Structures are given as structure tokens and as C-alpha cells.
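J.: Right, I'll just put the structure down here and ask away after.
Just so it is clear, none of the values below were taken in a lab; they were calculated from the coordinates. Just so it is clear, the model here is predicted, and its values are computed rather than measured.
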Amino acid sequence: MKNLIRTASLALTLSFICTLSLAESLRCQGKLAKIGDTKFEITEKCGEPVATDHFCQPIENPPLIQAVQNGTQNTQINIASQSCIDVDVWSYSPGKGRFITHLYFTQGQLVDMKYGDRIK
């Protein structure tokens, strides 16, 4: 059962990554933050973010499995113990005239980067 939950979670994370827009980049002190980096690696390269946020990304169709027959009636249960994936957002300000950069993490790994407004 735990393997099914892990497999479902991994599949959902991979589908989330595959649907992401083209990756943008963040250069910090000559080092490039890249998709797949951990929070620790990003902190080592870029320091602490100027802002952080957290939300739970809904899972559209959580996987269902057929439960063990209960008498003569079959029931279905949700094998995913959660209906969303935790996402952490870290924001970095690379300097005046450049775009604020938002880094999106799931399970402690960087999965997406998006530019925000230009810093004035």
C-alpha cells in the first residue's frame, strides 16, 4: 500500500514537472540555480530568499483502487492520503532593473522557476 502511495505521488510530481513552462534561470554569485537542486543547494548558491510562501497544489484525479470486498458489496478507497501536493515558493530579488524570481519546490527539490515583476 505504501509503495502504491509513493508511486502515485511520484507520478503526480513528474506530471507536474512535465507540464511546467520552459525553465527560467537564476544566477547567484556566479552559480546557476537549476531544476532539481535541493533547498539546501539553492540556499548555498543564493542565500536566504527575500520572501517565502507555501500552498497545497490540488491533485485533480487522485488514484482509486478497488478495496477488499466488504461482504457482498465492493467499495473504493483513495490510496493517496492527501488530495494535494505541498509546494514551497521562495522569491529572490536579483537587483535593480532585473526581474524578481520565484522558485517552486516540491518534496524539497526545485521543480520550476518563474519571473515576476521588474524591480524598480
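J.: Want the number for Lys96 to Tyr115: 0.36 nm per residue separation, take away the alpha-carbon distance, what's left?
T.: Additional length available on full extension: 5.4 nm.
J.: Further question: Which lysines, if any, have their Cα less than 23 Å from the Cα of Lys114, not counting same-chain residues under 8 positions apart?
T.: Lys114 reaches Lys31, Lys34, Lys39, Lys45, Lys96.
J.: Amide H of Asp37: which non-local residues (sequence gap of 5 or more, or other chain) have their own amide H closer than 5 Å, using H built in the peptide plane?
T.: Long-range HN contacts for Asp37: Leu110.
J.: By how many nm would the segment from Lys31 to Glu60 lengthen if fully extended, with 0.36 nm per residue of separation less the alpha-carbon distance? Can you show the working numbers first?
T.: On the way: separation 29, 0.36 × 29 = 10.44 nm, distance 3.61 nm.
Difference between extended and current length: 6.8 nm.
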